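A short worksheet on the structure shown next.
The values are calculated or read from the model by the stated rules, or taken from the named source; none is laboratory data. Note that the coordinates shown come from a computational prediction; the quantities given were computed from them, not determined experimentally. Note that we place each Cβ from the backbone using ideal geometry, even for glycine, and neighbour counts take in every protein chain shown. Heavy atoms of the whole protein, side chains included, go into the accessibility calculation; ligands, DNA and RNA do not. Shrake-Rupley method; radii C 1.70, N 1.55, O 1.52, S 1.80 Å.
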Amino acid sequence: MVYHYTAVGDSLTFGIGALPGSGFVPIYRRMAEEHLRQSIDYTNLVINGLTSDALYDRLLRDPVFKRQLNHADIITISIGGNDLIRAVKSGGDLPERKRLEKALERCQRNISGCLSVISRLKSGKGHPYVLRVVGLYNPYPTWDEAAEYVIRFNRYLFGLTTGSYLGVADVYSWFAGREREMLSFDGIHPSSKGYRVIAEKLNQLGYMPLK
């Protein structure tokens, strides 16, 4: 038996900032193979710069995304960071609270929409699957407004897991205060160590109902 893993998301799903093969997707895949004791093939549906708006649109309209998610046993999603980054840039590289508030509300709506689309794709198939979302870390650690955005976004994600098939990898506390170690040279994307932490937090969520 071969499990199918579909990774969806922004540049974190690609692994920008790490050495080849050191992003969280290949590491998590290897961890999953070890845990499940099964081979896992994977498809990486990554779009650099992807926002939650664009992801929601892809899930609604893109047949490749629909097909891959429909057949996936394991799904990971990394999204939300670019919504924050764009809101900061649109404010002249300053964290304007009103812009961040609007971006957060829009991102939350889009995340809920994405999860609803996946649920509809999977419904009625009698096909168990694992769905995991990578929580956000703060790429602007010196700005309280950005930290508030990230904390509220993550809290919203965790609220969606109640009585759900969804699991959220909580990485915020592992990055906070350790940015020099956990982020790459660009100060935005994780380092190889940061990606390993993401993979480990995903792995720790387990693989029910697959095992």
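Overview of results
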item	result
The lone exception for GLN204 - which of (1) surrounded by fewer than 18 Cβ atoms within 10 Å (Cβ to Cβ); (2) at pLDDT 95 or above; (3) more than 27 Å from PRO128 (Cβ to Cβ) it fails	(3)
Elements of type helices (runs of 4 or more DSSP H) contained in region 147-211, each with 1 or more residues being polar (S, T, N, Q) and under 16 Å from ILE16 (Cα atoms)	192-204
Whichever residue in region 97-108 is touching a helix residue (DSSP H, G or I) at 6+ places or on another chain (Cβ under 9 Å) and without any contact (Cβ under 8 Å) to a residue 40 or more places away in the chain and, among such residues, is nearest to ARG155 (Cα to Cα)	GLU101
Total residues in region 88-120, condition open to solvent by less than 40 Å² (accessible area, probe 1.4 Å) and in a helix (DSSP H, G or I)	14
Every pair of residues 6+ apart whose Cβ atoms lie under 7 Å, when the first sits in region 135-158 and is under 12 Å from ILE111 (Cβ atoms) while the second is of a type in the set (S, T, N, Q) and open to solvent by less than 70 Å² (accessible area, probe 1.4 Å)	GLY135/ASN154; LEU136/ASN154; TYR156/GLN108
Meets criteria (assigned to a helix (DSSP H, G or I), touching a Phe, Trp or Tyr at 6+ places or on another chain (Cβ under 8 Å), open to solvent by 20 Å² or more (accessible area, probe 1.4 Å) and under 19 Å from LEU115 (Cα atoms)) for ARG29	no
Exclusive hit being surrounded by fewer than 19 Cβ atoms within 10 Å (Cβ to Cβ), over 19 Å from ARG29 (Cβ atoms) and of a type outside the set (Val, Ile, Thr), set LEU160, LEU166	LEU160
Filter result (hydrophobic (A, V, I, L, M, F, W, C) and either surrounded by fewer than 16 Cβ atoms within 10 Å (Cβ to Cβ) or in contact with a strand residue (DSSP E or B) (Cβ under 7 Å, 6 or more places away or on another chain) (or both)) within region 32-49	ALA32, LEU36, ILE40, LEU45, VAL46
Residues located in region 170-197, provided they are of a type in the set (Val, Ile, Thr) and touching a Phe, Trp or Tyr at 6+ places or on another chain (Cβ under 7 Å)	VAL171, VAL197
Checking GLY126 against (1) at pLDDT below 90; (2) surrounded by 14 or more Cβ atoms within 10 Å (Cβ to Cβ), the condition it does not meet	(2)
Subset tally (residues that are within 21 Å of ARG152 (Cβ to Cβ), open to solvent by less than 30 Å² (accessible area, probe 1.4 Å) and not in a loop (DSSP other than H, G, I, E, B)) for region 50-82	6
Which listed residue, of ASP57, ASP41, ASP53, is farther than 28 Å from SER184 by Cα and out of contact with any Asp or Glu (no Cβ under 7 Å at 6 or more places or on another chain)	ASP57
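Residues are listed down the side, and each one gets a yes or a no for (1) within 22 Å of SER119 (Cβ to Cβ); (2) under 14 Å from the mean Cα position of the chain (by Cα); (3) in contact (Cβ under 8 Å) with a residue 12 or more places away in the chain:
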residue	(1), (2), (3)
GLY9	yes, yes, yes
THR13	yes, yes, yes
SER22	no, no, yes
SER52	yes, yes, yes
LEU59	yes, no, yes
ALA87	no, no, yes
GLY91	no, no, no
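For every residue, the table says whether it meets (1) of a type in the set (D, E, K, R); (2) over 16 Å from the mean Cα position of the chain (by Cα); (3) under 20 Å from ASN82 (Cα atoms).
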site: ARG152; (1), (2), (3): yes, no, yes
site: ARG155; (1), (2), (3): yes, no, yes
site: THR162; (1), (2), (3): no, yes, no
site: TYR165; (1), (2), (3): no, no, no
site: VAL171; (1), (2), (3): no, no, yes
site: GLY187; (1), (2), (3): no, yes, yes
site: ARG196; (1), (2), (3): yes, no, no
site: GLN204; (1), (2), (3): no, no, no
site: PRO209; (1), (2), (3): no, yes, no
